[in-house]
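What follows is a set of notes on a single structure, which appears directly below.
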Amino acid sequence: MNPKRKQRMLIILGLVSGLGVAVGLVMYALSQNINLFFTPTQIATGQAPSAQLIRVGGMVADGTVDRDPQSLKVAFDVTDFDHQVRVTYEGILPDLFREGQGVVVQGRINQGQFVASEVLAKHDENYMPPEVTEALRQSGKLDQMKGGQQQ
Amino acid sequence: MIPEIGHFALVLAFAIAICLAVFPLYGYLSNQQGFCATAKPLALLQGLALAVSFGVLMYGFLAHDFSVKYVADNSNLDLPWYFRMSAVWGAHEGSLLLWALILAFWGVAVALFSRGIPDHMSALVLSVMGMISVGFLAFMLFTSNPFVRILPFSPANGADLNPLLQDPGLIFHPPMLYMGYVGLSVAFAFAMASLISGKLDATWARWSRPWTTIAWAFLTLGIALGSWWAYYELGWGGWWFWDPVENASLIPWLVATALMHSLAVTEKRGLFRSWTLLLAIAAFSLSLLGTFLVRSGVLTSVHAFANDPERGVFILGFLIVVIGGSLTLYAIRASKVSEPGEFAWISRESFLLFNNLILTVMAVSVLLGTLYPLLVDAVGGGKVSVGPPFFNAVFVPLTAILVSGMAFGPLAKWRQSEDPRLFRPLIVTLIVSVVVGLAWPSMLDGQYSIGTAIGVALALWVAIATVVDVVKKVGLYGGVGTTLARVERGMIGMWLAHFGLALTIFGVVMVENHTEHRDLRMGVGDSQNLGSYDVRMTDLTVINGPNYVADQATFEIYQGDALYKTVTPQKRRYNASGMVMTEAAIDSGVTRDLYIAMGEPLDGGDWAVRLSVKPFVDWIWAGAFLMGLGGFVSITDKRYRQRVREEKEARVAEGAAA
């Protein structure tokens, strides 16, 4: 094998093995860092793992937002109109957080409550996070919701 | 009547784009000069038609023509005129029109500044750009026409522009970003043209290099502006969220950065030819993918518009045609690419290869993380999301590896480094950066951070190595003035960009590891400690803006007993949409930003308040600005101007002879 071809072979081998290792590590990192999504119904029926970081999507149930008068602690229910999950959170809620609005919360289940580390509401009022749409579709309440919005 | 002119101009542009895609290519294949010669006039005409179309839409906004649905959805009688102008690209249809306009603009630029390039070559390049244009204009006309009217019952007032977008940042962020995204189509078109013609030597690299550099510079500035905008307008003081749409701009940027470096090897040494072709295809394909991700709404993102799946399917189809077509052509032709020449293991080529390898891996990992939720969903694995922990875990170490090699490349010689003494200045650089890097965190409050030490050492490593390189060149040429005059502009651009990256890394490391951040409950009269300052809320009022009502808090910031500054963050409620927006108060400084934002009203007249001290945060964008500036400086090189001048002289001589 001439030196030029040998060098090229080595480079290609290096590239392929480097890329292989990189992709392997990336996939491993991915499997460690994904957050699974659950609906309120799945959580209420005990299908979600506790103590693992997960996401829940649904609507903020009307009249359920309770604020602590001394601190930034807040609690509210997230519903797919079938089941509700009590969510607690400490911090500043996003601007579009409101009763009756779609919301995605990220956190862990702790003794029957969902302790949120992050609350996401979207920046466009007409936009519904796909997770929330999915939760409502699974509970069969999506059409009801859409009808409700038009009123 | 006027909106119909815009619509007509759009249809006309579509027709012209079809001609542009077909005629020059036919001319080239059938060897008829006449057909090839249509390329430039058609490119100019297309630019004109789209400019008219764009102008008409802008006129619709300025004149409050709410019979146009797009205007009615995104404007309002109370919206100030400058936001009415930027509202043109504030939503789906208009931003597509901007995309198409910029594509046509790049076509015009190629038509005007390609005089050094053989006619059949520029004809092919413009033809390929015409094909892309056909796809986008068809997409607009069939799924997203901005000129749809609401007649005869047009609304008296519009629904208003999304308040998030009512910001000076939006005036510049999308056009800059699109200039970059779409600018990569030029490099793509050059690569395609050379594949079609089968003329696969290094000349195409020389031609497409300035275009790639300028597109990269725009992309850099566009991403930086977006990050800056998110920092002060999205309200929570983050500068990068690993949002899918941010990633969609970062991936092409990484590939374009790799392309820029590999084009250097292809142009100077004729190596990496097929790899460079592949990168040129990948860079543009990934910007198309980015457009697909933004427009189709398949991923949860702050950028997602309310959307309809038909559009997603169209772009996906277009994406498959572009990527499939270009890769097929590549597969047929690439075997004919010869790779003459060799290089030693320690040479500039090998360092640039290293750069390309790392950048590619970075791009692939961000791509995988971004698309992973789609892949899992597609195989029925349920909904998942991939958050910042993944991206940080992958991206940060890769950046460290990339940056550690950055100091060597510019010092290494092409082909081989005969002389190991070449790297001697780096020994001092290494010692200084490691010592200062390790010492730096101990000078800060709080716990010693090894991450900060490594980050600062790496930033210094690149910065000092760049300065050493500059000083060496200045010594060689005997003075700063002569150096600037004699050295290649690309070299100056590289210095600026590498130094800028060092600044950005330093800013990122400091912000991520040493931000002081507190969410608090505060009422009028409450005082809180913030870094070396005391912050006191002194007043709460209601302010009436042009199209919003705001709760405004007044905070006095004290340094010791002296009043340093008074700031007034706001919580705005926009009248037309009812949307609530946070206007943070930011006191910017060289070494830190003070960041105060109002959260939400609580019982008893108190507010949730966010207080932060963000060390060196502005360095992130200052560095990005230097990188962009470096790109613009590079393309002013004499090589590029000279070619035009030679052309002119040749033509003058021809004229005299005739």
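In whole Å, what is the distance between the alpha-carbon centres of segment B:51-86 and segment B:322-400?
41 Å
How big, on average over all directions, is the shadow cast by the Cα convex hull of segment B:516-616, in nm²?
Across all orientations, segment B:516-616 yields a mean hull projection of 6.8 nm².
Report B:Leu177's accessible area, 1.4 Å probe, all protein chains in place, as a number in Å² to the nearest 10.
Around 20 Å² of this residue is reachable by solvent.
Any idea how far the Cα center of segment B:544-579 sits from the one of segment B:93-168, in Å?
Centre-to-centre (Cα) distance: 38 Å.
Mind pulling the per residue volume of the convex hull built on the Cα atoms of chain B? Å³ is fine.
198 Å³
Looking at this model, which pairs from A:Lys6/B:Lys268; B:Lys40/B:Lys413; B:Lys268/B:Lys473; B:Lys383/B:Lys614; B:Lys199/B:Lys473 are more than 30 angstrom apart at the alpha-carbon?
In this structure, B:Lys40/B:Lys413; B:Lys383/B:Lys614; B:Lys199/B:Lys473 lie more than 30 Å apart at Cα.
Jot down the radius of gyration and Dmax of segment B:70-205, Cα atoms only, both in angstrom.
When restricted to the Cα atoms of segment B:70-205, Rg and Dmax are 18.8, 61 Å.
Set Lys and Arg Cβ to +1 and Asp and Glu Cβ to -1, take the dipole of segment B:492-591 about its Cα centre, and tell me which of B:Gly500, B:Tyr548, B:Ile586 lies farthest positive.
So the residue we want is B:Tyr548.
Protein chains only, probe 1.4 Å: how do B:Met443, B:Met627 rank by accessible area, largest first?
Result of the area sort, largest leading: B:Met443, B:Met627.
Heavy atoms only, probe 1.4 angstrom, no DNA, RNA or ligands counted: give me B:Trp89, B:Trp236, B:Trp106 ranked by accessible area, highest first.
Per-residue accessible area, sorted high to low, gives B:Trp236, B:Trp89, B:Trp106.
With the convex hull built on the Cα atoms of segment B:403-513, state its orientation-averaged projected area in nm².
That works out to 7.7 nm², a quarter of the Cα hull's surface.
With a 1.4 Å probe and all protein chains kept in place, how do B:Thr591, B:Thr212 rank by accessible area, largest first?
Accessible-area ranking of B:Thr591, B:Thr212, largest first: B:Thr591, B:Thr212.
Over the Cα atoms of the protein assembly as shown, each weighted equally, I'd like the Debye log10 I(q)/I(0) at q = 0.05 Å⁻¹, rounded to two decimals.
-0.29
Report, in deg cm²/dmol and to the nearest 500, the calculated mean residue ellipticity at 222 nm for the protein assembly as shown, where each DSSP H run with n ≥ 4 adds -39500 (n - 2.57) and the sum is divided by the residue count.
Result for the protein assembly as shown: -20000 deg cm²/dmol, rounded to the nearest 500.
List residues of segment B:476-495, by number, whose backbone nitrogen lies under 20 Å from a label position 7 Å along Cα→C-beta of B:Phe113.
B:488-495
Report the local net charge at B:Asp603: Lys and Arg +1, Asp and Glu -1, summed over other residues whose C-beta lies under 12 Å from its C-beta.
Summing Lys/Arg as +1 and Asp/Glu as -1 gives -2.
Once amide H atoms are built 1.01 Å from N in the peptide plane, which residues 5 or more positions from B:Leu411, or in another chain, come under 5 Å H to H?
none
Quick one: net charge around B:Lys199, please, counting Lys, Arg +1 and Asp, Glu -1 for every other residue with C-beta under 13 Å from its C-beta.
+3
Set Lys and Arg Cβ to +1 and Asp and Glu Cβ to -1, take the dipole of the protein assembly as shown about its Cα centre, and tell me which of B:Pro340, B:Leu316, B:Pro601 lies farthest positive.
B:Pro340
Could you work out the relative contact order of chain B? I mean the mean sequence separation of Cα pairs under 8 Å and 6+ apart, divided by the number of residues, in percent.
Across chain B, relative contact order equals 11 percent.
Under a Cβ-Cβ cut-off of 9 Å, what is the net charge of the residues other than B:Ala576 that fall near it, where Lys and Arg count +1 and Asp and Glu count -1?
-2
Just how far, in whole angstrom, is segment B:216-261 from segment B:24-43 if you go by their alpha carbon centroids?
Here the two parts' Cα centres lie 38 Å apart.
What number, in nm² with one decimal, is the all-direction average of the projected area of the convex hull of the alpha-carbon atoms of segment A:1-65?
7.5 nm²
Can you pull out the GluC sites (Glu not before Pro) in segment B:334-423 that DSSP calls coil and that have at most 14 other Cβ atoms within 10 Å?
Passing sites in segment B:334-423 are B:Glu418.
In the full protein assembly as shown, how much of B:Met491 is accessible to a 1.4 Å probe, in Å² to the nearest 10?
Using a 1.4 Å probe on the heavy atoms, I get roughly 40 Å².
Within the P(r) computed for chain A, what percentage of the Cα pairs occupies the region above 23 Å?
47 percent
Taking the solvent-accessible surface of protein heavy atoms with a 1.4 Å probe, what is the per residue accessible area of segment B:516-616 in Å²?
41 Å²
The values are calculated or read from the model by the stated rules, or taken from the named source; none is laboratory data. Quick caveat: nothing in here was measured; it's all calculated off a predicted structure. Here Cβ is always computed from backbone atoms with ideal geometry, including for glycine, and neighbour counts include all displayed protein chains. In case anyone asks, the SASA skips ligands and DNA or RNA and just uses the protein heavy atoms, side chains included. Shrake-Rupley method; radii C 1.70, N 1.55, O 1.52, S 1.80 Å.
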